[in-house]
Amino acid sequence: MTTTTYFHYRTCNLCEAMCGIEVHHQGDKITAIKGDMDDPFSAGHICPKATALEDVYHDKNRLKRPVKRTENGWEEISWEQAFDEVADNLLKIQAQHGNNAVGIYLGNPNSHNAGSIIYAPALIRALKTKNRFSATSVDQLPHHFAAYFMFGHQLLLPIPDVDHTDYFLMLGANPLASNGSLMTAGGIERRLKNLKNRGGKLVVIDPRRTETAKLANEHHFIKPAADVFFLLALVNVLFNDDLVDVGHLEPLISDAHIHQLRDLVADFTPERVASQTGMSAGEIRRITHEFAHADSAVCYGRVGLSMQAFGGLCQWLMNVINILTGNLDSVGGAMFTQPAFDVVAFTSLTGQTGSYDRWRSRVRGLPEFGGELPVSVLAEEMLTEGDGQIKAMITVAGNPVLSTPNGAQVEKGLESLDYMVAIDIYINETTKYANIILPPATGLEADHYDVVFHVLAVRNSAKFSPAMVHIEDDRRYDWQIFQSLANILDKKRGGKAPNRKDYTRRMSLSQLLDFGLRVGPYGVNGGRKNRPDGLSLKRLHENPHGIDLGVLQPCLKERIVTPNGKINLIFDHVLVDLPRAKAVLDVPQDGHDLLLIGRRHVRSNNSWMHNSNRLMKGKNRCTVMINPHDAQTRGIDDGDVVVVSSRVGQVEIPAEITDEVMQGVVSIPHGFGHGRDGVQLDVANQYAGVSINDLTDDQAIDAMTGNAAFSATPVKVVCK
Ligand SMILES: Nc1nc2c(c(=O)[nH]1)N[C@H]1C(S)=C(S)[C@@H](COP(=O)(O)OP(=O)(O)OC[C@H]3O[C@@H](n4cnc5c(=O)[nH]c(N)nc54)[C@H](O)[C@@H]3O)O[C@H]1N2
Ligand SMILES: Nc1nc2c(c(=O)[nH]1)N[C@H]1C(S)=C(S)[C@@H](COP(=O)(O)OP(=O)(O)OC[C@H]3O[C@@H](n4cnc5c(=O)[nH]c(N)nc54)[C@H](O)[C@@H]3O)O[C@H]1N2
Ligand code: SF4
Ligand SMILES: [Mo]
């Protein structure tokens, strides 16, 4: 055992912030994890989760080799046997019931894992199924939807230029807890404080006075899922008060669209929307004027705005507001990154810019987007008998029992399957239903490059994280599992040999990363800034803290991929959905009891970081927050266990009385609900909590995009 301390530099891949970390280790024993002060992007920032990478690394519950569920419990088996059995069982089911009888669900950590992002498509193609699902449709699908229809590519997502903006209008996001989303910005608290220090303004609109709201110059409560009306009124004021000025965007916008837009929002005056939103007409007008008059401004909204009944309209409207004020693709506004490994350019070249309605779900008839169906239909596709029913599932780095709406129904679905495979590192609430679990080597053990989050960052940069340690010969990385399974499925189908043009079938992760960096915009072998000292994997190896590639630059003209090269300000779905909003506006609000929203805590990460003692100890975080007025009228005292019930289920949970949540609103964090039979998470089981998704409704979706509408689930709360 070595006693020499080594310093290992890498990027923390737990959330979207891309913080540089410095891991102190003696061989494979970690002695400390600190922020990397020399990382040009995050400049030393980390959150408490970074140190928990050590806990995941040493976690006794973490699986390292394939396991098979038998009558005598879980038994370790070889990779060869595991791949063989998995392929045989899936192919048998497909032969009997058709290709769509096998479904696949990809969870959030896939997007934080270079190997999964690059290699999962090969497995998906090899499965030949249309029943593909992912966490996208319980998260950011409306962002992709708006980007696809407005800019021509589902990944052309505008990112707030937080480091240069003068006015940040933020809705339904709490970056002080989440560390920023679709806004990769290591050290977001520092960046927001800098914004205030340079005289800028941060305005937060949220049904809860969050950590971020407390830092802001202004916070306004808004009724859950009423944001669409606030945003429509904002556009209305822009037109009526003559504040529209698209500036440099003029060549990209058609006048006809501007005129049409003015008519579309004509009814939504601040006065009309005041009672629905809970915001006064005067405040809405003042915010609009301040936004329009700021030297630069950006309107940004995250999960609170996409996980709701009008998620699609909200994301469209936020783009519209940035465009009408000339703040899109402009310094201090909403900008587009130019990443070194440019997935947007690659996929544009191959025509994979996005897709819509090429097929529909069998039971509810919901359209696919980007090759995936909304995960809200997953349970009914497993449980409804008939041709095309899902009989087998593969879950990859996902926990849909805890993270998708009506989780109890998903659980029933998984229980009813003929066969299930999980590619995962734990036996948790979802993977316990698998017949075989294939566990990858991951985290500190794996090479890493943030293929996704460099595309969503507030600054252009590139960094490669090599594996800290060598893994044993009988371990596999995610990318190797995808590659092996895809190849073995093809081979057993007896078809042609795998397509040699599909590089992911035969090249390693580092070969593909090197290739992507070389031909990318900063690469040695191509791109706009072709130069001999350009990027390659070797260059990144030589710069372990990462390489800064500069501030975001206006670039939409070069990056937009709509057929006519213009921004599509209005698209058909908007015209279909606006009347739905109008109808809701005209209905007097009542008939429900309280409206449920979610929340995040800086020491949680969705459902899977709860097995770290240092993250879990302390005050119980799985509580239902309730406003003092609502508590009093129900005779609820702080700490009382209450029963929260919805159309689909009920949970018992301690009440936390606080005026942080607005009257009429209650909040429960997601990702809890451990401690169930068969779950092998020793620490998480001690802090079990209950699952908010035993209350959220699989029938509640955003009609435009199919995204789950978690926010504003109607619930009753009574004393136990
Ligand atoms: N610590 C931690 N960090 C994380 C995660 C985590 O679980 N824990 N998860 C990661 C993931 S997967 C994601 S997608 C990002 C999400 O990143 P964020 O979107 O910043 O996440 P939240 O903290 O949930 O913020 C959502 C906010 O929306 C508010 N809200 C709810 N409903 C409404 C509504 O109808 N209208 C308005 N205006 N606001 C509403 C909530 O009160 C909450 O403050 O965070 C990532 N980072
Ligand atoms: N009510 C409500 N529900 C929500 C949300 C909410 O705000 N409110 N948030 C939603 C959002 S934004 C998201 S993104 C989803 C997340 O939903 P999911 O992605 O389904 O859930 P996670 O909790 O992220 O589960 C991650 C799984 O990946 C495994 N894992 C971790 N690292 C690796 C790895 O490197 N390789 C592999 N193969 N497996 C790994 C973990 O063990 C765990 O099983 O939840 C959504 N659900
Ligand atoms: S903020 Fe995110 S990336 Fe940074 S240390 Fe925490 S979990 Fe890791
Ligand atoms: Mo997410």
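The values are calculated or read from the model by the stated rules, or taken from the named source; none is laboratory data. Note that the structure is predicted; figures quoted are calculated from it, not measured. Note that each Cβ is placed from the backbone with ideal geometry, even for glycine, and that neighbours are counted across all protein chains shown. Please note that ligands, DNA and RNA were not included when accessible areas were found on the heavy atoms of the full protein model with its side chains. Shrake-Rupley method; radii C 1.70, N 1.55, O 1.52, S 1.80 Å.
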Filtering the stretch 568-616 down to residues that are in a loop (DSSP other than H, G, I, E, B) and at pLDDT below 95, which residue is nearest to Thr277 (Cα to Cα)? Gln589
Of the residues Thr384, Thr353, which is out of contact with any helix residue (DSSP H, G or I) (no Cβ under 9 Å at 6 or more places or on another chain) and away from ligand 3 (no atom under 16 Å from the Cβ)? Thr384
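Residue-wise test of (1) more than 30 Å from Leu252 (Cβ to Cβ); (2) touching an Asp or Glu at 6+ places or on another chain (Cβ under 7 Å); (3) within 16 Å of ligand 4 (Cβ to nearest atom).
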{"site": "Asn568", "(1), (2), (3)": "no, no, no"}
{"site": "Lys582", "(1), (2), (3)": "no, yes, no"}
{"site": "Asp593", "(1), (2), (3)": "yes, no, no"}
{"site": "Val602", "(1), (2), (3)": "yes, no, yes"}
{"site": "Arg614", "(1), (2), (3)": "yes, yes, no"}
If you scan the stretch 206-240, which residues turn out to be open to solvent by 20 Å² or more (accessible area, probe 1.4 Å) and touching a helix residue (DSSP H, G or I) at 6+ places or on another chain (Cβ under 7 Å)? Glu211, Leu215, Asn217, His219, His220, Lys223
Requiring at least 1 residues that are open to solvent by 10 Å² or more (accessible area, probe 1.4 Å) and not aliphatic (A, V, I, L, M), the strands (runs of 3 or more DSSP E) wholly within the stretch 618-670 are 641-645, 650-657
Within the stretch 114-138, residues being in a loop (DSSP other than H, G, I, E, B) and open to solvent by 30 Å² or more (accessible area, probe 1.4 Å) number 2
Evaluate the following for Ala467: is it within 31 Å of the chain's Cα centre (by Cα) and open to solvent by less than 10 Å² (accessible area, probe 1.4 Å)? no
So, in the stretch 553-601, how many residues would count as being of a type in the set (A, V, I, L, M) and open to solvent by less than 40 Å² (accessible area, probe 1.4 Å)? 13
Is the stretch 51-63 home to any residue that is more than 16 Å from ligand 3 (Cβ to nearest atom), of a type in the set (A, V, I, L, M, F, W, C), at pLDDT 95 or above and under 30 Å from Asn131 (Cβ atoms)? yes
Of those in the stretch 142-153 that are open to solvent by 10 Å² or more (accessible area, probe 1.4 Å) and within 16 Å of ligand 4 (Cβ to nearest atom), the residue nearest to Gln352 (Cα to Cα) is His144
Just to be sure, is Val331 of a type in the set (A, V, I, L, M, F, W, C), surrounded by fewer than 20 Cβ atoms within 10 Å (Cβ to Cβ) and either in contact with a Lys or Arg (Cβ under 6 Å, 6 or more places away or on another chain) or over 19 Å from Arg125 (Cα atoms) (or both)? yes
Among the numbered criteria (1) open to solvent by 30 Å² or more (accessible area, probe 1.4 Å); (2) within 14 Å of ligand 1 (Cβ to nearest atom), which single criterion is violated by Met609? (1)
So Ile436 ticks every box in (1) among the hydrophobic types (A, V, I, L, M, F, W, C); (2) crowded, with 24+ Cβ neighbours inside 10 Å; (3) within 30 Å of Glu472 (Cα to Cα) but one. Which box is left unticked? (2)
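Table: residues versus (1) touching a helix residue (DSSP H, G or I) at 6+ places or on another chain (Cβ under 6 Å); (2) among the acidic types (Asp, Glu); (3) in a loop (DSSP other than H, G, I, E, B).
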site: Tyr9; (1), (2), (3): no, no, no
site: Ile21; (1), (2), (3): yes, no, no
site: Gly44; (1), (2), (3): no, no, yes
site: Leu63; (1), (2), (3): no, no, yes
If you scan the stretch 49-72, which residues turn out to be of a type in the set (Val, Ile, Thr) and under 15 Å from Ala446 (Cα atoms)? Val56
Result of the Cβ filter at 8 Å on the stretch 434-451, keeping first residues that are in contact (Cβ under 8 Å) with a residue 60 or more places away in the chain and partners that are within 16 Å of ligand 4 (Cβ to nearest atom) and of a type in the set (A, V, I, L, M), at least 6 apart or interchain, is Asp450/Met18; Val451/Ile117
From the option list Thr269, Thr277, single residue qualifying as in contact (Cβ under 8 Å) with a residue 40 or more places away in the chain and among the hydroxyl-bearing types (Ser, Thr, Tyr) is Thr277
Matching residues, the stretch 98-144, being within 13 Å of Val452 (Cβ to Cβ) and touching a Cys at 6+ places or on another chain (Cβ under 9 Å): His112
Considering (1) touching a strand residue (DSSP E or B) at 6+ places or on another chain (Cβ under 7 Å); (2) at positive phi; (3) of a type outside the set (S, T, N, Q); (4) more than 16 Å from ligand 4 (Cβ to nearest atom), say which one Gly172 fails and leave the rest. (4)
I'd like to know if the stretch 514-523 contains one or more residues that are acidic (Asp, Glu) and not assigned by TED's automatic domain parsing to the domain that holds Met183. yes
Of the residues that make up the stretch 197-216, is at least one within 16 Å of ligand 2 (Cβ to nearest atom), among the aliphatic types (A, V, I, L, M), in contact with a strand residue (DSSP E or B) (Cβ under 6 Å, 6 or more places away or on another chain) and touching a residue at least 24 places away in the same chain (Cβ under 8 Å)? no
Is there a residue being more than 25 Å from Ser181 (Cα to Cα) and surrounded by fewer than 23 Cβ atoms within 10 Å (Cβ to Cβ) anywhere in the stretch 293-300? yes
Quick check: is even one residue across the stretch 138-149 in contact with a strand residue (DSSP E or B) (Cβ under 6 Å, 6 or more places away or on another chain) and either away from ligand 3 (no atom under 16 Å from the Cβ) or not assigned by TED's automatic domain parsing to the domain that holds Arg286 (or both)? yes
Within the stretch 412-434, count every residue that is among the polar types (S, T, N, Q) and either outside any loop (DSSP other than H, G, I, E, B) or out of contact with any Leu (no Cβ under 9 Å at 6 or more places or on another chain) (or both). 2
